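Student: Before I ask anything, let me first share the structure, which is written out below as structure tokens.
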Amino acid sequence: MESSNTAVSAANGTEEHVVEHSGPTQEERARRTEPAVLKNLLEQMLLVRRFEERAAELYTLGKIGGFCHLYIGQEAVGIGAISTLHKDDYILVSYREHGHALARGVDPGEIMAELYGKQSGVSEGKGGSMHLFDKGRGFLGGHGIVGGQIPLATGVAFAAKYLKQPRVTLCFFGEAAVNIGSFHESLNLAALWKLPVVYICENNRFGMGTPIERSSALYDLSQKALGYNMARAQVDGMDVLAVRDVMAEAVERARNENAPTLIEARTYRFMGHSMSDPVHGHYRTKVEVEEHKRHDPIKIFTNTLESLGLITQEEVEEMDRKVKEIVEDAVAFSERSDDPHPSQLHTDVYTP
Amino acid sequence: MESSNTAVSAANGTEEHVVEHSGPTQEERARRTEPAVLKNLLEQMLLVRRFEERAAELYTLGKIGGFCHLYIGQEAVGIGAISTLHKDDYILVSYREHGHALARGVDPGEIMAELYGKQSGVSEGKGGSMHLFDKGRGFLGGHGIVGGQIPLATGVAFAAKYLKQPRVTLCFFGEAAVNIGSFHESLNLAALWKLPVVYICENNRFGMGTPIERSSALYDLSQKALGYNMARAQVDGMDVLAVRDVMAEAVERARNENAPTLIEARTYRFMGHSMSDPVHGHYRTKVEVEEHKRHDPIKIFTNTLESLGLITQEEVEEMDRKVKEIVEDAVAFSERSDDPHPSQLHTDVYTP
Amino acid sequence: MPIITYREALNQAMREEMRRDERVFLMGEEVGYYQGAYKISKGLLDEFGAQRVLDTPITELGFTGLGVGAAIAGLRPIVEMMTFNFALLAIDQIVNSAAKMLYMSGGQCRVPIVIRGPGGAGHQLGAQHSQALESWFCHVPGLKVVSPSTPADAKGLLKSSVRDDNTVIFMESEVLYGTKGEVPEGENLIPLGVAEIKRPGKHVTVIAHSKMVLVALDAAQQLEKEGIEVEVVDPRTLRPLDTETILSSVKKTNHAVIVEEGWPYCGVGAQMADTIQLHAFDYLDAPILRVTGADVPMPYAKNLEHLCLPDKTRVMDAVHRVLNRK
Amino acid sequence: MPIITYREALNQAMREEMRRDERVFLMGEEVGYYQGAYKISKGLLDEFGAQRVLDTPITELGFTGLGVGAAIAGLRPIVEMMTFNFALLAIDQIVNSAAKMLYMSGGQCRVPIVIRGPGGAGHQLGAQHSQALESWFCHVPGLKVVSPSTPADAKGLLKSSVRDDNTVIFMESEVLYGTKGEVPEGENLIPLGVAEIKRPGKHVTVIAHSKMVLVALDAAQQLEKEGIEVEVVDPRTLRPLDTETILSSVKKTNHAVIVEEGWPYCGVGAQMADTIQLHAFDYLDAPILRVTGADVPMPYAKNLEHLCLPDKTRVMDAVHRVLNRK
Ligand SMILES: Cc1ncc(C[n+]2csc(CCOP(=O)(O)OP(=O)(O)O)c2C)c(N)n1
Ligand SMILES: Cc1ncc(C[n+]2csc(CCOP(=O)(O)OP(=O)(O)O)c2C)c(N)n1
Ligand SMILES: [Mg+2]
Ligand SMILES: [Mg+2]
């Protein structure tokens, strides 16, 4: 072949941002899944939702400072994905990582305390909302430079393979991060060196106020994998079970074949980019946001479980009460925790 | 679709580094081309070859310093490509740019003087072999950081479009540069903003001592265009006419549709990476090099023209004498030129 | 004279320069539809259209290099870094292309580009979003570095920067965007490389730039009550530095304190200290003192962040120490 | 003691550390099959295999970040920059990840990585390939910066750097690779942060690092004939700086000259000058003088390049000026 424009026609042909549900429905997936697992997934999603709703209030009250990026609307991605991991596996995320940390079982109190900037926070108050770390749980941040976690995660996967540990690394980033050099350099390295890593692009349509149509020449982001000879998948990020199934496959591929995968999860951000940004405005309409809220991953999942008789409305309310209690305990813990001692200013710059 | 590994199988399936000649043969192309044009192409290729053979000698004599990267073996790419340009068009290249500068009509004496580090050099002796600039001819360097010229060329194309000038920008880089972030960020920008630029990847199989199989997970580099929704082409870089034809199409696309193209030209470097590097050694065998030399683009082209009776052996020898004379004049000019005046050290740091 | 914010001053400067010269355009993340992450480009998209106000993908290296290329091909780009922390990704294009192209090309390729955005700490933005890297850019020949402290300086210096034929690194401050001040209307160009004495005094010279000027003025006001007259010198441009103004002040006061927000080691204040000791050695009654940010990555916790940043008290303390030296 | 080259010393250091600790591996462009662009890794691929000696694609940002990730997950990477000029592309991962991760994580994530390679000028390599950016790395808390001048220091300091639990920027010199010197065999760790007096003297202190030490020693030898005894202090580690050794030398000689190859403005010498004036103010008989590279991008022409770099004559001249000051 000499010259061919096939790429041009092909790529953006499919109707934008609509994932073809060639796969099974959520009901079908639910039937194949342990009820206990399903309930646990729902509880986690509720916990993240309530935790962040509370964090939003606390931010407006000035209890939390800096930049605070909420995950509300995207919970199905992180929770579905992380539910497929072993306890030794690794997770690296962007600054929008509260939900991933909670899904990983990081203590809600310590996360909230970190948002408060308290000594008892996961990162001892030095990291903040964007830099949650819990090394013991393989939760390696919380990174603020767009794309910065991608080479890091690739290196973490490299270490696992080098040390012959059966550990898989999950790397989460947004669709706008796909355009940055780090993404490109990392995916080539991972494919070339056959590293056990899964790259999860959470395509919530926007990078701050810029829709993907104005930031990327390609809309079907999973297709980026073609440039690296990498396995790829696209999934409905509002369906926690679809995410879980796709991820299970990718994690398997990483663990058993040391082969990386690029997954694009189509989702949506219900809140502003961060607490300092508007939910809608110059860049998207209230109508658009409301429209997407009708696909709330928690509502969808709750309905599925209820319609299958796997859970009752009462049980859901009970679950909600429970997670709200966990959140309140986290707030109380943070409130009564101390600020870092001034002497902490100079520790951790270098190892002791 | 949910999960698909098609990419994995597809990409590197075709036999490596062999360009399918679905296109016409060089003879067929030659028949369709003006004899005068053909002779001019041959003369340019000869000039570049002789110029650099001489530069190599002068380097070993210590007349030329620093890093000196020769183009010998790859002449068909730059010369075929640049032969399709208008005089207002732009060219940006890596550090391996002597051939492109000569093809663009930059004065051989001024190029050689630059290699000598003389005041009369194109860059007044301040740039050297890696940084040839001739703004009047739209020749904008000569860049030493791998991939550095790619965003720059994208910006030059942006300016032409912004100023509504019908100028096309050619950007040359090696296959190893494809892995760097600059490539990725630039191609997305060019496709997204519809810029009149043609990206020419000169795939000579090696980045210094690293073959593409150890630097890229994908061997069919034109396929990278799929990630940016960009038109693409692959061409035999040892066939000056094939390059010319593919380029004509791409330049047309840029000039008339403001659409960028990624072209992969399969070629080979006959010399070491730079004058300080071995022609063969740990990274490739003498046999491999000799094998490729049998596909010398100048020999191939000469044979084609002779076999078609478009040029005689005598004419070729005469042409060779002529270009050698040009090269000797360039050397003489450089020899008699002055070093930059010491006061030049502090000029051009800022504009006067 | 109208009183406007530092933010509006920057906006006016860009607006006026874009009206004056078709070749000037603005590029950066969220500068268009979003009106700028910090609203510096408010209204510019509406007035100049998407051809001249471009939202870029998140590709600092790519779009900065694109800007440099556009500059050598005849345009005059203003590239907004959402914050200068992200400029680290673009530093190769800034140093190896923008700063050197004129020299490497033997004077052929000018790079008239302005790279601007906020630097330094905001409020609890954490380690990756709170860096003051002035000294890095100052180190590089071929670059000019500007860092205004007032709305008037912001406007006058930005306009001059846009008209400068060289690469200008224009470092603003998120914390200053909301501050107000008198700004003369219309054409009021402030030349690069000229310092301003923000407050005259005869006992000690305090050199500070950007938001540290406000801290220095605060301290000066307080010290006045003790009868100490502080001269506050704002270089405004950090490269080229107006050494003449600084030196004549120090030769007058015989005491110098340098305040900067950034890290101490190899900070721009170290260079100022070196320049002063070299040229005013015999005039100094005491060693030059520096007040800087703490030598640590910026912590998130509010109380620790406060300990990091120079404040009035620390500046006053330094002034006392430099004066009361036995 | 065996006499070996600076190149061999580095090679031995890496070889010994890789033998000692399985977690240590080498990664970079051409470090494997090609044996290193400057042959520093000669033979390592053969001995340790492709698992531990990895040729990377040209992706400085990517493979440096990969190294940092590998470090937080239990490995001890040595990342070779073919030259430090290319580290500009990786600077975001060096500053925002490597230098800050320990702090941001509240002490959880250590980053034991060594980023090494040649810095400074070679011979006519031009503007983009001839930069000495020590001061940039020195500016950043969380980083350690080492720059040896002799084979013995190169080996002893590299071994210590590999064993250090922090990020170490190890800056070598292409021009020094071929130089020879005595190097004790086997285990000989030189601690980071300790300067060495390369030549004792009592009239003037000349502080220099990396290849400038050779220039300083040259000048000292010549000056001896004039009866001027120069003390040459080599910090060896630029961050943390051994201020104690530097200060006690200056307090003894009362005169200081600082030599560095890099650009003058905001160079590391400015910080040394500041440190000296602050702590040895009363001991100085004259202003501290600096001999630096010219304040320009490096020109290609041989004659201009020579004018750029500090040499014996300029150092001698500075010593004369600092001593003969009326
Ligand atoms: C290199 C860099 N450039 C710019 C920013 C500012 N910024 C923070 S988040 C963001 C948008 C990222 O969007 P996306 O990758 O889609 O992730 P999302 O926020 O939607 O989860 C930008 C521009 C940054 N943090 N880092
Ligand atoms: C960012 C960067 N990294 C490393 C180098 C050193 N280097 C110069 S050329 C080169 C190989 C480039 O190979 P390729 O892109 O295929 O171009 P070719 O030399 O084959 O023409 C390398 C590694 C550099 N100049 N810039
Ligand atoms: Mg997004
Ligand atoms: Mg190549």
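Student: Counting only residues that are crowded, with 24+ Cβ neighbours inside 10 Å and more than 7 Å from chain C (Cβ to nearest Cβ), how many does segment A:117-131 have? Quick ask: steps written out before the conclusion?
Tutor: Taking segment A:117-131 as the starting set, the residues that turn out to be crowded, with 24+ Cβ neighbours inside 10 Å are A:117, A:121-131.
Filter once more, keeping what is more than 7 Å from chain C (Cβ to nearest Cβ): A:121-124, A:129.
The number of residues fulfilling the criteria is 5.
Student: Determine which member of the set A:Ala76, A:Ala56, A:Ala101 is more than 13 Å from ligand 1 (Cβ to nearest atom), farther than 22 Å from A:Ile311 by Cβ and in contact (Cβ under 8 Å) with a residue 60 or more places away in the chain.
Tutor: Of the residues listed, the single one that is more than 13 Å from ligand 1 (Cβ to nearest atom), farther than 22 Å from A:Ile311 by Cβ and in contact (Cβ under 8 Å) with a residue 60 or more places away in the chain is A:Ala56.
Student: Out of the residues in segment C:88-115 that are of a type in the set (Gly, Ala, Ser) and touching a residue at least 60 places away in the same chain (Cβ under 8 Å), which is farthest from D:Met298 (Cα to Cα)? Outline the logic, then answer.
Tutor: Residues of segment C:88-115 that are of a type in the set (Gly, Ala, Ser), as a first pass: C:90, C:97-99, C:105-107.
Then keep just the ones that are touching a residue at least 60 places away in the same chain (Cβ under 8 Å); that gives C:98-99.
On the way: C:Ala98: 14, C:Ala99: 12 Å.
Taking the candidates together, the pick is C:Ala98.
Student: Quick check on this structure: which one of B:Ala160, B:Ala231 is buried (at least 24 other Cβ atoms within 10 Å of the Cβ), farther than 25 Å from C:Gly28 by Cα, more than 18 Å from the chain's Cα centre (by Cα) and at pLDDT 95 or above? It would help to see each step written out before you state the result.
Tutor: On the way: B:Ala160 fails: farther than 25 Å from C:Gly28 by Cα.
Of B:Ala160, B:Ala231, the one residue that is buried (at least 24 other Cβ atoms within 10 Å of the Cβ), farther than 25 Å from C:Gly28 by Cα, more than 18 Å from the chain's Cα centre (by Cα) and at pLDDT 95 or above is B:Ala231.
Student: Now for a different question. Considering every residue within segment A:296-316, establish whether at least one is surrounded by fewer than 18 Cβ atoms within 10 Å (Cβ to Cβ), acidic (Asp, Glu), free of Cβ contacts under 8 Å to residues at least 60 places away in the same chain and under 30 Å from A:Phe183 (Cα atoms).
Tutor: no
Student: Still on this structure, please answer the following. Looking at segment C:95-115, which of its residues are touching a Ser or Thr at 6+ places or on another chain (Cβ under 9 Å), at the interface with chain B (Cβ under 7 Å from one of its Cβ atoms) and either within 16 Å of ligand 3 (Cβ to nearest atom) or assigned to a helix (DSSP H, G or I) (or both)?
Tutor: Of everything in segment C:95-115, those that are touching a Ser or Thr at 6+ places or on another chain (Cβ under 9 Å), at the interface with chain B (Cβ under 7 Å from one of its Cβ atoms) and either within 16 Å of ligand 3 (Cβ to nearest atom) or assigned to a helix (DSSP H, G or I) (or both) turn out to be C:Ser97, C:Leu102, C:Tyr103, C:Met104.
Student: Return yes when C:Leu241 is assigned to a loop (DSSP other than H, G, I, E, B) and within 20 Å of C:Ala132 (Cβ to Cβ) and no when it is not.
Tutor: On the way: assigned to a loop (DSSP other than H, G, I, E, B): yes; within 20 Å of C:Ala132 (Cβ to Cβ): yes.
Yes: the conditions hold for C:Leu241.
Student: I've got another one for you. Here are some conditions: (1) within 16 Å of ligand 2 (Cβ to nearest atom); (2) over 26 Å from C:Gln93 (Cβ atoms). B:Arg255 meets all but one. Which one does it not meet?
Tutor: Going through (1) within 16 Å of ligand 2 (Cβ to nearest atom); (2) over 26 Å from C:Gln93 (Cβ atoms) one by one, B:Arg255 breaks only (1).
Student: Restricted to segment A:129-179, and to residues that are charged (D, E, K, R) and in contact with a Pro (Cβ under 8 Å, 6 or more places away or on another chain), which residue is nearest to D:Gln108 (Cα to Cα)?
Tutor: Filtering segment A:129-179 down to residues charged (D, E, K, R) leaves A:134-135, A:137, A:161, A:164, A:167, A:175.
This time we only want the ones that are in contact with a Pro (Cβ under 8 Å, 6 or more places away or on another chain), so: A:161, A:167.
On the way: A:Lys161: 22, A:Arg167: 19 Å.
Per the criteria, the residue is A:Arg167.
Student: Pick from A:Val289, A:Val251: which is more than 15 Å from the chain's Cα centre (by Cα), within 15 Å of ligand 3 (Cβ to nearest atom) and outside any loop (DSSP other than H, G, I, E, B)?
Tutor: Numbers: A:Val251 fails: within 15 Å of ligand 3 (Cβ to nearest atom).
The conditions single out A:Val289.
Student: I would also like to ask the following. Would it be correct to say that D:Thr56 is within 16 Å of ligand 4 (Cβ to nearest atom), under 19 Å from B:Ser216 (Cα atoms), more than 7 Å from every other protein chain (Cβ to nearest Cβ) and in contact with a strand residue (DSSP E or B) (Cβ under 7 Å, 6 or more places away or on another chain)?
Tutor: Numbers: within 16 Å of ligand 4 (Cβ to nearest atom): yes; under 19 Å from B:Ser216 (Cα atoms): yes; more than 7 Å from every other protein chain (Cβ to nearest Cβ): yes; in contact with a strand residue (DSSP E or B) (Cβ under 7 Å, 6 or more places away or on another chain): yes.
It is true that D:Thr56 is within 16 Å of ligand 4 (Cβ to nearest atom), under 19 Å from B:Ser216 (Cα atoms), more than 7 Å from every other protein chain (Cβ to nearest Cβ) and in contact with a strand residue (DSSP E or B) (Cβ under 7 Å, 6 or more places away or on another chain).
Student: Here's something else I'd like to know. Quick one: which strands (runs of 3 or more DSSP E) sit completely within segment D:123-185 and have at least 1 residues that are under 30 Å from B:His131 (Cα atoms)? Spell out the reasoning first.
Tutor: Values: elements: D:143-146, D:167-173, D:180-182.
Because the criterion is at least 1 residues that are under 30 Å from B:His131 (Cα atoms), the strands (runs of 3 or more DSSP E) in segment D:123-185 that meet it are D:167-173.
Student: So, one more: Report yes if B:Ala225 is at the interface with another protein chain (Cβ under 10 Å from one of its Cβ atoms), more than 27 Å from B:Leu42 (Cα to Cα) and assigned to a loop (DSSP other than H, G, I, E, B), otherwise no. Quick ask: steps written out before the conclusion?
Tutor: Working: at the interface with another protein chain (Cβ under 10 Å from one of its Cβ atoms): yes; more than 27 Å from B:Leu42 (Cα to Cα): yes; assigned to a loop (DSSP other than H, G, I, E, B): no.
So B:Ala225 does not fit the description; no.
Student: More than 9 Å from chain B (Cβ to nearest Cβ), more than 23 Å from D:Trp136 (Cα to Cα), away from ligand 2 (no atom under 16 Å from the Cβ) and not small (Gly, Ala, Ser): is that true of C:His139 in this structure?
Tutor: Values: more than 9 Å from chain B (Cβ to nearest Cβ): yes; more than 23 Å from D:Trp136 (Cα to Cα): no; away from ligand 2 (no atom under 16 Å from the Cβ): yes; not small (Gly, Ala, Ser): yes.
In short, no.
Student: State all residues of segment A:254-311 that are away from ligand 1 (no atom under 16 Å from the Cβ) and under 26 Å from A:Gly227 (Cβ atoms); if no residue qualifies, say none.
Tutor: Quick first cut of segment A:254-311, residues away from ligand 1 (no atom under 16 Å from the Cβ) only: A:254-261, A:285-287, A:290-291, A:293-296, A:298-311.
If the condition is that a residue be away from ligand 1 (no atom under 16 Å from the Cβ) and under 26 Å from A:Gly227 (Cβ atoms), then A:Ala254, A:Arg255, A:Asn256, A:Glu257, A:Asn258, A:Ala259, A:Pro260, A:Thr261 are the ones that fit.
Student: For segment C:59-94, give me the residue count where each residue is acidic (Asp, Glu) and either surrounded by fewer than 22 Cβ atoms within 10 Å (Cβ to Cβ) or within 11 Å of chain B (Cβ to nearest Cβ) (or both).
Tutor: Applying the first criterion (acidic (Asp, Glu)) to segment C:59-94 yields C:60, C:80, C:92.
Narrowing the set further to residues that are either surrounded by fewer than 22 Cβ atoms within 10 Å (Cβ to Cβ) or within 11 Å of chain B (Cβ to nearest Cβ) (or both) leaves C:60, C:92.
Residues that pass the stated criteria total 2.
Student: Looking at B:Ser216, B:Ser182 in this structure, which one is part of a helix (DSSP H, G or I), at the interface with another protein chain (Cβ under 9 Å from one of its Cβ atoms), away from ligand 3 (no atom under 16 Å from the Cβ) and of a type outside the set (D, E, K, R)?
Tutor: On the way: B:Ser216 fails: part of a helix (DSSP H, G or I).
None of the other options fit; the residue is B:Ser182.
Student: Report whether or not D:Val233 is buried (at least 23 other Cβ atoms within 10 Å of the Cβ), under 20 Å from D:Val145 (Cα atoms) and free of Cβ contacts under 8 Å to residues at least 40 places away in the same chain. Please lay out each step first, then the result.
Tutor: Values: buried (at least 23 other Cβ atoms within 10 Å of the Cβ): yes; under 20 Å from D:Val145 (Cα atoms): yes; free of Cβ contacts under 8 Å to residues at least 40 places away in the same chain: yes.
Against the criterion (buried (at least 23 other Cβ atoms within 10 Å of the Cβ), under 20 Å from D:Val145 (Cα atoms) and free of Cβ contacts under 8 Å to residues at least 40 places away in the same chain), D:Val233 qualifies.
Student: Continuing with the same structure: If you check D:Ala294 against the conditions, is it within 14 Å of chain B (Cβ to nearest Cβ) and either surrounded by 19 or more Cβ atoms within 10 Å (Cβ to Cβ) or closer than 30 Å to C:Val259 by Cβ (or both)?
Tutor: So D:Ala294 passes the test.
Student: Restricting to segment B:195-228, name every residue that is under 19 Å from the mean Cα position of the chain (by Cα) and either free of Cβ contacts under 8 Å to residues at least 40 places away in the same chain or closer than 11 Å to B:Gly174 by Cβ (or both).
Tutor: The answer is B:Ile200, B:Cys201, B:Glu202, B:Asn203, B:Asn204, B:Arg205, B:Phe206, B:Gly207, B:Met208, B:Ile212, B:Leu221.
Student: Within the group D:Ala37, D:Ala50, which residue is without any contact (Cβ under 8 Å) to a residue 60 or more places away in the chain, within 16 Å of D:Phe63 (Cβ to Cβ) and within 20 Å of the chain's Cα centre (by Cα)? Steps first, please.
Tutor: Working: D:Ala50 fails: within 20 Å of the chain's Cα centre (by Cα).
Sole residue among the options that is without any contact (Cβ under 8 Å) to a residue 60 or more places away in the chain, within 16 Å of D:Phe63 (Cβ to Cβ) and within 20 Å of the chain's Cα centre (by Cα): D:Ala37.
The values are calculated or read from the model by the stated rules, or taken from the named source; none is laboratory data. Just so it is clear, the structure is predicted and the values come from calculations on it, not from any experiment. Quick reminder, even Gly has a Cβ in these numbers, built from the backbone with ideal geometry, and neighbours come from all protein chains shown.
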